[in-house]
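> The structure under discussion is supplied below as structure tokens; questions concerning it will follow.
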Amino acid sequence: MNKIFVLTRKFSISTSQNAIKTVTVIGGGLMGSGIAQVTAQAGQTVTIVDLEPEILNKAQKSIQANLGRVAKKLYKDDPGKIEGFVKESLDRIKISTKVEDSVNSDLIIEAIVEKLDIKQELFNKLDKLAPEHTILATNTSSISVNAIGSGIKRKDKFGGLHFFNPVPVMRLLEVIKSDHISEDTYQTMMEWGKSVGKTCITCKDTPGFVVNRLLAPYSAEALRMYERGDATKEDIDIGLKLGAGFPMGPFELADYTGLDTNKFVLQVMHEMTKHPVFEPIPLLDKMVAEGKLGIKTGEGWYKYKK
Ligand code: CAA
Ligand code: NAD
């Protein structure tokens with residue numbers, strides 16, 4: 001096995017050159033900070049935009065810690081390079097609370113809250129403010145990409161770039177073809193994905209794209225099995241890990257991605273497909289209403305130390 005392949009099995013390391021040199025990521029939460037990290041570690045300049053300075057500071061801290069993990073692995077035979085790698089990557093990351101001041105990039109990726117109207121409003125604004133050549137992309141988990149971009153003029157320069165959590169570790173990127181995306185934009189997005197170390201697959205703008213279309217029914221059935229009392233959540237998690245080779249069981253994964261994200265994905269996919277497997281799950285709704293969203297709130301299906 002060659003060295004780059006071994007490294008990319010664990011982390012996102014660039015294997016390609018591409019036309020995108022500057023990137024803006026809107027939303028500095030779980031996903032946005034990961035996307036910014038892989039962009040910076042691939043040698044590109046990136047600006048993270050979020051609503052409050054505290055959120056941006058938290059994003060910078062988590063990126064620094066995660067860059068350290070990546071560097072330790074990358075330079076295990078040459079530890080003298082670790083500090084330089086982390087510093088140079090961090091130096092490529094700027095932060096801002098103002099979208100208006102942060103649109104001069106070749107690519108803008110949105111990773112904000114999973115709400116259609118808020119995403120549409122943001123894209124309409126970006127379409128007006130960003131330079132003509134700028135490609136706009138959404139990291140939505142489940143909402144229709146076409147619906148998100150319905151109000152913009154540059155429909156040929158718009159699509160989905162769907163990353164997976166944790167972004168620095170998960171090697172997949174789904175490139176979602178919107179109805180009016182140009183071949184040039186699509187190829188640029190594929191090439192950029194490779195440049196940040198991802199293996200890209202393509203999907204039409206269909207509910208859940210490839211991975212969530214398959215993961216959501218699996219996760220929903222696990223929750224229903226627990227709700228019915230068929231098995232404990234611990235045993236369901238152990239079953240899928242030891243019996244099917246999953247790295248995490250469905251309850252551990254839900255805590256990791258966020259129960260709110262889980263609920264949104266099911267809701268949107270139910271609206272789009274009307275399939276009964278995506279119907280609301282009362283126990284999940286109750287957990288979300290109680291603010292038990294998983295690791296990020298300290299409690300979900302399991303409890304976590306803050
Ligand atoms: N940044 C950098 N490195 C990280 C990291 C991060 N955020 N998180 C973990 N790592 C590294 C660790 O340093 C560790 O490296 P070494 O093996 O070299 O020590 C390695 O990844 C494994 O981490 P851990 O030992 O902490 O934990 P683990 O072995 O249990 O792996 C995991 C953690 C990678 C998250 C693994 O459990 C996993 O793959 N889980 C499934 C995740 C998954 O399915 N994600 C997709 C969710 S669906 C989605 O994202 C789409 C959506 O729209 C909702
Ligand atoms: P998150 O809550 O961790 O982060 C969202 C961030 O966006 C927050 O920091 C919030 O302050 C910020 N924000 C909200 N509105 C904003 C605005 N108008 N301008 C600037 N910043 C704004 O959420 P997340 O888990 O990172 O998810 C972000 C997106 O990525 C969602 O669309 C989600 O569906 C998608 N996604 C999530 C996962 C996952 O596992 N969590 C995986 C793939 C895709």
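> Looking only at residues that are closer than 21 Å to Met248 by Cα and either assigned to a loop (DSSP other than H, G, I, E, B) or not assigned by the TED database to the domain that holds Met225 (or both) in region 282-293, which one is nearest to the chain's Cα centre (by Cα)?
Leu293
> Still on this model: Quick one: how many residues across region 203-232 are open to solvent by less than 60 Å² (accessible area, probe 1.4 Å) and under 30 Å from Leu161 (Cα atoms)?
17
Every residue, every condition in (1) within 13 Å of ligand 2 (Cβ to nearest atom); (2) open to solvent by 60 Å² or more (accessible area, probe 1.4 Å); (3) touching a residue at least 24 places away in the same chain (Cβ under 8 Å), yes or no:
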position: Ala59; (1), (2), (3): yes, no, yes
position: Leu67; (1), (2), (3): no, no, yes
position: Lys72; (1), (2), (3): no, yes, no
position: Lys81; (1), (2), (3): no, yes, no
position: Phe85; (1), (2), (3): no, no, yes
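> Do we have any residue at all in region 227-242 that's in a loop (DSSP other than H, G, I, E, B) and not small (Gly, Ala, Ser)?
Within region 227-242, the subset in a loop (DSSP other than H, G, I, E, B) is 229-232.
Those left that are additionally not small (Gly, Ala, Ser): 230, 232.
Yes, the conditions are met somewhere in region 227-242.
> Here is a follow-up. Among (1) within 15 Å of ligand 2 (Cβ to nearest atom); (2) of a type in the set (A, V, I, L, M, F, W, C); (3) over 16 Å from Thr257 (Cβ atoms), which single condition is Phe158 missing?
(1)
> Which of (1) within 14 Å of ligand 2 (Cβ to nearest atom); (2) more than 23 Å from Leu136 (Cβ to Cβ) does Leu240 not meet, given it meets every other one?
Failing condition for Leu240: (1).
> Right, Glu174: in contact with a His (Cβ under 6 Å, 6 or more places away or on another chain) and buried (at least 18 other Cβ atoms within 10 Å of the Cβ) or not?
When the stated conditions are applied, Glu174 passes them.
> Of Leu107, Leu173, which residue is closer than 30 Å to Pro247 by Cα and at pLDDT 95 or above?
Leu173
> When you scan region 17-45, how many residues do you find that are away from ligand 1 (no atom under 16 Å from the Cβ) and on the phi < 0 side of the Ramachandran plot?
Within region 17-45, residues that are away from ligand 1 (no atom under 16 Å from the Cβ) and on the phi < 0 side of the Ramachandran plot number 11.
> So which residues in region 233-284 are modelled with pLDDT under 95, of a type in the set (Gly, Ala, Ser) and open to solvent by 10 Å² or more (accessible area, probe 1.4 Å), if there are any at all?
none
> Here's another thing I want to ask about it. Any chance region 14-31 includes a residue that's in a helix (DSSP H, G or I) and open to solvent by less than 10 Å² (accessible area, probe 1.4 Å)?
no
> Quick one: which of Thr140, Thr185 is touching a residue at least 12 places away in the same chain (Cβ under 8 Å), buried (at least 21 other Cβ atoms within 10 Å of the Cβ) and part of a helix (DSSP H, G or I)?
The conditions single out Thr185.
> Taking only region 69-89 into account, find how many residues are in a helix (DSSP H, G or I) and farther than 17 Å from Ala42 by Cβ.
From region 69-89, those in a helix (DSSP H, G or I) are 69-74, 79-89; that's our starting set.
When the remaining residues are screened for being farther than 17 Å from Ala42 by Cβ, the result is 72, 79-80, 82-83.
Looking only at that region, the number is 5.
> Between a first residue in region 257-280 that is within 18 Å of Thr206 (Cβ to Cβ) and within 13 Å of ligand 1 (Cβ to nearest atom) and a second residue that is of a type in the set (Phe, Trp, Tyr) and in a helix (DSSP H, G or I), which pairs have beta carbons less than 7 Å apart while being 6 or more apart in sequence or on different chains?
Leu266/Phe278; Met269/Phe278
> Now for a different question. Scan region 254-281 for residues that are touching a helix residue (DSSP H, G or I) at 6+ places or on another chain (Cβ under 7 Å), among the hydrophobic types (A, V, I, L, M, F, W, C) and assigned to a helix (DSSP H, G or I) and jot them down.
Answer for region 254-281, where residues must be touching a helix residue (DSSP H, G or I) at 6+ places or on another chain (Cβ under 7 Å), among the hydrophobic types (A, V, I, L, M, F, W, C) and assigned to a helix (DSSP H, G or I): Ala254, Leu259, Val265, Leu266, Met269, Val277, Phe278.
> Continuing with the same structure: Which of the residues belonging to region 143-166 are within 18 Å of Phe264 (Cα to Cα), open to solvent by 20 Å² or more (accessible area, probe 1.4 Å) and touching a strand residue (DSSP E or B) at 6+ places or on another chain (Cβ under 7 Å)?
Phe164
The values are calculated or read from the model by the stated rules, or taken from the named source; none is laboratory data. None of these values were measured; they are calculated from a predicted model. Heads up, the Cβs are rebuilt from the backbone with ideal geometry, glycines too, and the neighbour counts pull from every protein chain shown. Each accessible area value is taken on the protein alone, full model and side chains, heavy atoms only, with ligands, DNA and RNA left out. Shrake-Rupley method; radii C 1.70, N 1.55, O 1.52, S 1.80 Å.
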